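Here the structure comes first, spelled out in structure tokens, and everything after it is commentary.
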Amino acid sequence: MNYYIGLMSGTSLDAIDAVLVSFPDEQPVLHHAINYPLSESLRNDIRALCTPGDNEIDRMGQLDIVLGNTFAAAVKQLLTDTDIDAAEIHAIGSHGQTIRHRPGLEKGHCFTLQIGDPNTIAELTGITTVADFRRRDMAVGGQGAPLVPAFHATFFGRDAHARIILNIGGMANVTLLPADTKTPASGFDTGPGNILMDSWIQQQQQQPFDHDGQWAASGTVNLQLLDSLLKDSFFRLAPPKSTGREHFNSGWLQQHLDKFEHTLTPVDVQATLSELTATSIANAIKKYAAENMELVVCGGGAHNADLMQRIVQKRVSTTVKTSGDYGLAAEWVEAVAFAWLARERLAQRPGNLPGVTGAHRPVVLGGIYPG
């Protein structure tokens, strides 16, 4: 059996998702998955590189190797847990850690940058590693993101049923799968997913995330703040579009909070951030999706009960499910997608969807680093 490993470290910076996958009959089978923790000092170093600062090149070079070592350690832990030898793994697909994503610059060249040295991963594990998936899409005019919709289309789009696949990670994105499989899939980032809620509760309560959205559920949405947040120009952009921590971050939130004469209670801010994510998702779906499409939610946000309730209340679909209903747990979909993208790369098959990224044509994604 050909096994693949997928590694995903997203904008939430909570952990590395590592999955062991095979693809019998072209469908993914998830054999094992782990969250490999990132130390607080490592998370701080990543955050510091996500915005312009001093001595960036040296700091990036060091962190690139540290993350490569950390990704390799996650792979070794996964193999230890499953008692599978590295020789049985066909390839690792490593998304890397995004530290800058500039897909829509008005001046200069658009670019994206993920670190976590694949040479180090391949050397330390002895496994062929595929990485740097985004930049080839950009080379043909795309935004390099989101890339997971190509996997969504393969996994969720086989039975001629119209679906919206909603991925809520640090950022949120939708994939629109029409019932007619001859009609191309489309998709785009809708805006912040968990990132602002996570950042706010970390700042206010020193908790990594709002468990089940309980803190947000105990607050009251401030409609003035919500209106201010929703006026951001990103929400008015037409697809294709993608975003990241460079745009939606704690500094962005603070700029909006500074407009208020009276300090808002922290819990009401959290409730408003949950409503922002739900509203921006709902607005995007209502504007760009056909009516009566089934909604399938994946990503960590699928486990946020408060957020899910807000989305359901906005009646974006008559049927709301999670990817778990289709046999793939919500929290592992992105990591499985990058295992799949590694498989597509080795098979010389395109891994992007031009209708999602805006690329001029489909292209094979990723560089290969032999083990």
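The values are calculated or read from the model by the stated rules, or taken from the named source; none is laboratory data. Everything quoted here is computed from the prediction, not taken from an experiment. We place every Cβ from the backbone using ideal geometry, glycine too, and count neighbours over all the protein chains shown.
Summary table
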item: Selection from segment 20-43 of residues that are over 12 Å from I99 (Cα atoms) and either loosely packed, with under 12 Cβ neighbours inside 10 Å or out of contact with any strand residue (DSSP E or B) (no Cβ under 9 Å at 6 or more places or on another chain) (or both); result: P24, D25, E26, Q27, S39, E40, S41, L42
item: Candidate set: segment 276-306, residues that are crowded, with 24+ Cβ neighbours inside 10 Å and not hydrophobic (A, V, I, L, M, F, W, C); chosen: the one nearest to V221 (Cα to Cα); result: T277
item: Residue count for segment 77-107, restricted to those that are more than 21 Å from E344 (Cα to Cα), loosely packed, with under 15 Cβ neighbours inside 10 Å and touching a residue at least 12 places away in the same chain (Cβ under 8 Å); result: 3
item: Pairs where the first residue, in segment 171-182, is without any contact (Cβ under 8 Å) to a residue 24 or more places away in the chain and the second is aromatic (F, W, Y), C-beta under 7 Å, 6+ apart; result: none
item: Residue match in segment 217-238 (condition: among the aromatic types (F, W, Y), under 27 Å from R102 (Cβ atoms) and part of a loop (DSSP other than H, G, I, E, B)); result: no
item: Among the residues listed as D58, D25, the single one being at pLDDT below 95, among the acidic types (D, E) and either within 22 Å of the chain's Cα centre (by Cα) or over 26 Å from I195 (Cβ atoms) (or both); result: D25
item: Among (1) under 18 Å from D212 (Cα atoms); (2) touching a helix residue (DSSP H, G or I) at 6+ places or on another chain (Cβ under 8 Å), the one test that V312 misses; result: (2)
item: Members of segment 232-255 found to be closer than 22 Å to S218 by Cβ and either among the small types (G, A, S) or surrounded by fewer than 18 Cβ atoms within 10 Å (Cβ to Cβ) (or both), listed by number; result: S250
item: Which numbered condition D54 misses (of (1) of a type in the set (D, E); (2) assigned to a helix (DSSP H, G or I); (3) farther than 23 Å from I5 by Cβ); result: (2)
item: Residue check for L253: in a loop (DSSP other than H, G, I, E, B) and modelled with pLDDT of 95 or more; result: no
item: Any hit, segment 159-167, residues being over 21 Å from G299 (Cα atoms), part of a loop (DSSP other than H, G, I, E, B) and at pLDDT 95 or above; result: no
item: Any hit, segment 210-225, residues being of a type in the set (D, E), touching a residue at least 24 places away in the same chain (Cβ under 8 Å) and either more than 18 Å from R310 (Cβ to Cβ) or not assigned by TED's automatic domain parsing to the domain that holds L276 (or both); result: no
item: So D14, is it over 17 Å from T120 (Cα atoms) and surrounded by fewer than 14 Cβ atoms within 10 Å (Cβ to Cβ); result: no
